[in-house]
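Chemist: Sharing a structure with you now.
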Amino acid sequence: MPDLSNSPLSTPPVPAGKRSLAGLDRAGLGAALAAIGVPDQQLKMRTGQLWSWIYVRGATAFEAMSDVSKDLRARLAQVYSLERPAIVREQVSQDGTVKWLLRLARRGHEARQPEIETVYIPEVDRGTLCISSQIGCTLTCSFCHTGTQRLVRNLEVAEIVGQVLLARDRIGDWPGDRLASAQETSARSADERKITNVVLMGMGEPLYNFDNVRDAMAIVSDGDGLAMSKRRITLSTSGVVPEIARWGEQAGTMLAISLHAVRNELRDKLVPINRKYPIADLMAACRTYPGLSNARRITFEYVMLKDVNDSLADAKALVKLLAGIPAKINLIPFNPWPGSAHACSDWEQIERFAEIVNRAGYASPVRTPRGRDIMAACGQLRSESLNLSARERKVAIS
Ligand code: SAH
Ligand code: SF4
């Protein structure tokens, strides 16, 4: 269970209008410094200092930056902030999963401040942060709650990176926090990270926000900063075929495919983007994904929908379809949400299905649902109207 007890719920209030530097890349930081009069010959050094305070140490205030002159710290604080997305609500599940509802700044003509969700899933040997790439989604997969919310807009680079910064703040995952907690409890070594993996499996279709997601992942994986290995970052796509190779070339993270059906006729209904990019095209893009090997497999996600895609014939067809692709298969028990038309397959059926997949050489494929009691599990994210009634909550955890 993350220790969320001793830090205040939201970052200190910042006078409106100050632009946050948290989440910017080096060029953005350099431009911000130049704009307040830092001379050209100092820009590289000052940018390096800011970068390191923001991304290595997790500074949330300019005053903390002890190697930056007092005068420059004051000028920075006058004009800028290091604010993260604002927390509207933080919920901790019985299983330790944490979900944040975050409020972002209004852009353009937006009537109100948009909201997104980010989820942290602690496990024994790893901690996974599930981040959003869009506010809502243009696609309408039949089993997905996010798909019922229309697209508001793409997230900006800083809003994507900001989710990682905020999660590290809240669960105490900066080196200073870890050192303090290791000294207190001697339970966890100071260099053992809590967030070990990042998955782009929150709200939105990340390949429809290609440039921003790519640039954000470049910041998150920068070895001199947050330093998440690209092998521990996974982008999940519903199958935007023309962007898959480009993602591999330009971003080089791990890839997950939301497959969910092995026949076009059914996948057309469950994952409507299939009408544009059918299964054969999707498989061809997977076979040629840059860097694919037995050590870098593609994960195929398959949501278990009762009497829809869970027959043993489907399991056999799935194994056949993936033959020859270095693959992992993730069977995801369907997570219900209020008003959803589907039901989760019976447990015995999931086991029978898994056995066929197992026998074909794919290990431990069933993904245990996490955070269902706070609607934080796969496909339950939707940032509007989350004031669920007690009855709806029961549906979510039954
Ligand atoms: N848009 C991207 C990433 C976000 S969805 C994509 O579709 O891949 C992350 C994963 O959760 C996808 O595999 C998605 O199909 C799955 N998912 C969506 N709704 C779900 C639900 N109600 N139960 C279980 N998994 C779900
Ligand atoms: Fe969008 Fe992914 Fe949900 Fe489909 S499953 S509606 S692509 S978020």
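The values are calculated or read from the model by the stated rules, or taken from the named source; none is laboratory data. Since we're looking at a predicted model, the values are computed, not measured. Here the Cβ is made from the backbone with ideal geometry for all residues, glycine too, and neighbour counts use every protein chain on show. With ligands, DNA and RNA removed, areas are computed over all heavy atoms of the protein, side chains included. Shrake-Rupley method; radii C 1.70, N 1.55, O 1.52, S 1.80 Å.
Chemist: To the nearest 0.05, how large is the calculated FRET efficiency for A363 and R106 if R₀ is 51 Å and r is the Cβ-Cβ distance?
Modeler: 0.65
Chemist: Which of rounded, prolate or oblate describes segment 166-264 when judged by the alpha-carbon gyration tensor and an a/c cut-off of 1.5?
Modeler: prolate
Chemist: Another question about this same structure. What full-extension length gain, to one decimal in nm, is calculated for V124 and M45 as 0.36 nm per residue of separation minus the Cα-Cα distance?
Modeler: Residue separation times 0.36 nm, minus the Cα-Cα distance, leaves 24.5 nm.
Chemist: Treat each spin label as a single point 7 Å out from the Cα along the C-beta direction, and report the K276 to D211 distance in nm.
Modeler: With each label placed 7 Å out from Cα toward Cβ, I get 1.8 nm.
Chemist: For the chain, which semi-axes, largest first and in whole Å, follow from the square roots of 5 times the eigenvalues of its Cα gyration tensor?
Modeler: Output for the chain: semi-axes of 38, 23, 21 Å.
Chemist: Stretched out fully, how many nm does the piece from K320 to Q78 gain, at 0.36 nm a residue minus the Cα gap?
Modeler: Extra length from K320 to Q78 when fully extended: 81.0 nm.
Chemist: Once you sort the root eigenvalues of the Cα gyration tensor of segment 16-84 as a ≥ b ≥ c, which label holds: rounded (a/c under 1.5), prolate (a/b larger than b/c) or oblate (the other case)?
Modeler: Cα axes put segment 16-84 in the rounded bin.
Chemist: Sticking with the crude label model, points 7 Å out along Cα→Cβ, report the distance from K306 to E355 in nm, one decimal please.
Modeler: That separation, rounded to one decimal, is 2.1 nm.
Chemist: Taking the Cα centre of the chain as origin, work out the dipole magnitude from +1 charges on Lys and Arg Cβ and -1 charges on Asp and Glu Cβ, in debye rounded to 20.
Modeler: 380 debye
Chemist: With r defined as the distance between the Cβ atoms of E90 and E184 and R0 fixed at 30 Å, what FRET efficiency is calculated, to the nearest 0.05?
Modeler: Given R0 = 30 Å and the Cβ-Cβ separation, E is 0.85.
Chemist: Just report the Cα centroid separation between segment 274-320 and segment 120-149, whole Å.
Modeler: The two parts, judged by their Cα centres, are 19 Å apart.
Chemist: As I understand it, the dipole of segment 321-378 uses +1 on the Cβ of Lys and Arg and -1 on the Cβ of Asp and Glu, about the Cα centre. Which of V366, G339, P326 lies farthest toward its positive end?
Modeler: Most positive-ward Cα: P326.
Chemist: Using the charge dipole of the chain (Lys, Arg: +1 at Cβ; Asp, Glu: -1 at Cβ; taken about the Cα centre), state which of Q42, V198, I135 has its Cα farthest towards the positive end.
Modeler: So the residue furthest toward the plus end is I135.
Chemist: Something else: I'd like the carbon and sulfur percentage of the solvent accessible area for the chain, probe radius 1.4 Å, heavy atoms only, ligands and nucleic acids excluded.
Modeler: Ligands and nucleic acids excluded, carbon and sulfur give 51 percent.
Chemist: How much net charge surrounds E301 when only other residues with a Cβ under 15 Å from its Cβ are counted (Lys, Arg +1; Asp, Glu -1)?
Modeler: +2
Chemist: Another question about this same structure. For R57 and E249, calculate 0.36 nm times their separation in residues minus their Cα-Cα distance, and state this gained length in nm to one decimal.
Modeler: Working it through step by step, the gained length comes to 66.1 nm.
Chemist: Still on this structure, I have one more. From the square roots a ≥ b ≥ c of the eigenvalues of the alpha-carbon gyration tensor of segment 51-143, which class results: rounded (a/c under 1.5), prolate (a/b over b/c), or oblate?
Modeler: Since a/c reaches 1.5 but b/c is at least a/b, the shape of segment 51-143 is classed as oblate.
Chemist: Quick check for you: with a 1.4 Å probe and neighbouring chains kept, what is the accessible area per residue of the chain, in Å²?
Modeler: 45 Å²
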